[in-house]
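Asker: My questions will all concern the structure given below.
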């Protein structure tokens with residue numbers, strides 16, 4: 001229990017300037033990449049905490065993905081490029097069949113970028129409290145970079161996509177600055193505006209990457225979406241800590 005309390009407290013270290021709508025992992029230069037029932041990475045959805053675990057990637061998949069991956073390891077692992085937060089997904093943001101009702105957020109996520117598995121997607125419903133004037137900021141951070149030639153400048157060029165449309169410019173996760181996170185700003189209008197808020201509408205954020213130099217893989221540290229405005233009142237550190245302690249004791253019982 002105390003280990004998971006420490007993990008949740010680590011969430012307070014995630015850089016944030018507005019209300020965090022959802023997040024996976026913490027800015028701690030580590031991850032639970034075992035894909036088992038330990039579920040050692042803290043995550044949040046609309047201010048409510050839960051736990052997840054990274055599973056070894058299994059190649060590139062098409063939309064819509066499976067909202068109930070079972071994780072695991074080795075040849076029997078069950079994971080894909082699409083992570084689903086709890087919600088209702090009946091209207092697709094493109095040419096695919098939406099998955100319907102997702103009663104709980106997934107317990108397992110794709111833990112790394114590789115040359116054979118270069119994309120990641122996160123699905124969610126947009127809270128109705130997000131305002132048209134809010135600036136939405138997506139941030140992703142990878143805490144390492146494995147490369148076959150350490151003397152070579154390597155990394156991953158990343159593009160950011162909202163519901164299948166590219167937003168912003170290419171950014172690079174590079175061995176020259178492994179601690180740097182990548183962030184892109186966008187607006188509610190990029191998600192269809194007020195008409196596509198709330199349950200039913202499947203929205204997804206995606207990073208598509210290509211390797212630079214001799215890159216082989218990069219492991220996810222954390223990912224988050226925040227709204228700089230009046231989307232969701234962000235709790236103070238003390239309130240979040242108290243809520244976390246209560247959540248953990250209830251989980252223990």
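Readers should treat all values here as calculations from the given coordinates under stated rules, not as data from a laboratory. Source: prediction; values computed, not measured. Cβ sites come from the backbone with ideal geometry, for glycine too, and all protein chains shown count toward neighbours.
Asker: Using a 10 Å cut-off on Cβ atoms, rank the peptides 68-74, 23-29, 198-204 from the highest mean neighbour count down.
Answerer: Listed from highest to lowest mean packing, they are 23-29, 198-204, 68-74.
Asker: Computed over the Cα atoms of the range 75-173, what is the ratio Rg over Rh, Rh following Kirkwood?
Answerer: When Rh is taken as the Kirkwood radius, the ratio is 1.00.
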